[in-house]
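Read-outs: derived from the displayed coordinates by stated rules, not from any lab. Because the structure is predicted, anything quoted here is derived from the model rather than measured. Note that each Cβ is placed from the backbone with ideal geometry, even for glycine, and that neighbours are counted across all protein chains shown.
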Amino acid sequence: MSSTEGSLSAEKRESESTQLHKRSAPKCLIVGILTVSDTRTLESDEGGRLIEQYLVSAGHSVKERIIVRDERELISQSARELLALDGVQALLVTGGTGLSARDQTTEGIEMLYDAVIPGYGELFRMLSFQEIGSSAMLSRASAGRHGTQIIITMPGSPAGVRLAMERLILPELAHLVHHAGN
């Protein structure tokens, strides 16, 4: 099934109120991108670059894209700084969502959530399971609301970014921002 066919069948399943909310959601979002990595630079950060390309192709604006070491306090501080930038409606975070002791994104970001969006992580792992099998359970990808802003984390691998952006984030980000602001 093509992604267009999948989108059409999903749209048919959505309630009228969901379709109305999506139509009234902002069309152009302002988004910050945070890459968590001990080794990447802006030039070698394929995951962050992919996120930026997807956002721009969808008509959104990237306010700033930064890289921070995989340390809980640095992650949290950098996320707060990006969220404080004028107009930022969402923050997309890539990297550090695995299970190793060095992976601190989940701990650094989830402390910022006022409300968790559990469906995102559940769906990400389900879709990932379809692609890579049972090792999908190692992902700690999550999403939440911070005030009126949305924060979404995803793996640092290009495959994980593609999966999250194509199947979950781009189809729903404006809708999530719409609800977070109400």
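Its Cα gyration tensor gives the chain an equivalent ellipsoid, and the semi-axes of that ellipsoid, as √(5λ) in whole Å with the largest first, are 24, 20, 15. Distance between the 7 Å Cα→Cβ label points at residue 167 and residue 43: 3.4 nm. Among 149-161, 124-136, sorting by the average number of other beta carbon atoms lying within 10 angstrom of each residue, highest first, gives 149-161, 124-136.
Dipole magnitude for region 27-180: about 240 debye, using +1 per Lys or Arg Cβ and -1 per Asp or Glu Cβ, origin at the Cα centre. Taking the chain as a Gaussian network of alpha-carbon nodes connected by springs under 10 Å, the highest mean-square fluctuation of the residues 16, 52, 71 belongs to 16. Across the options 99, 159, 58, the greatest Cα extent toward the positive end of the charge dipole of the chain (unit charges at beta carbon of Lys, Arg, Asp, Glu) belongs to 58. Computed per residue of the chain from DSSP H runs no shorter than four, each worth -39500 (n - 2.57), the mean residue ellipticity at 222 nm is -13500 deg cm²/dmol.
When each of the peptides 105-116, 30-41 is scored by the mean number of other C-beta atoms lying within 10 Å of its residues, the order from highest to lowest reads 30-41, 105-116.
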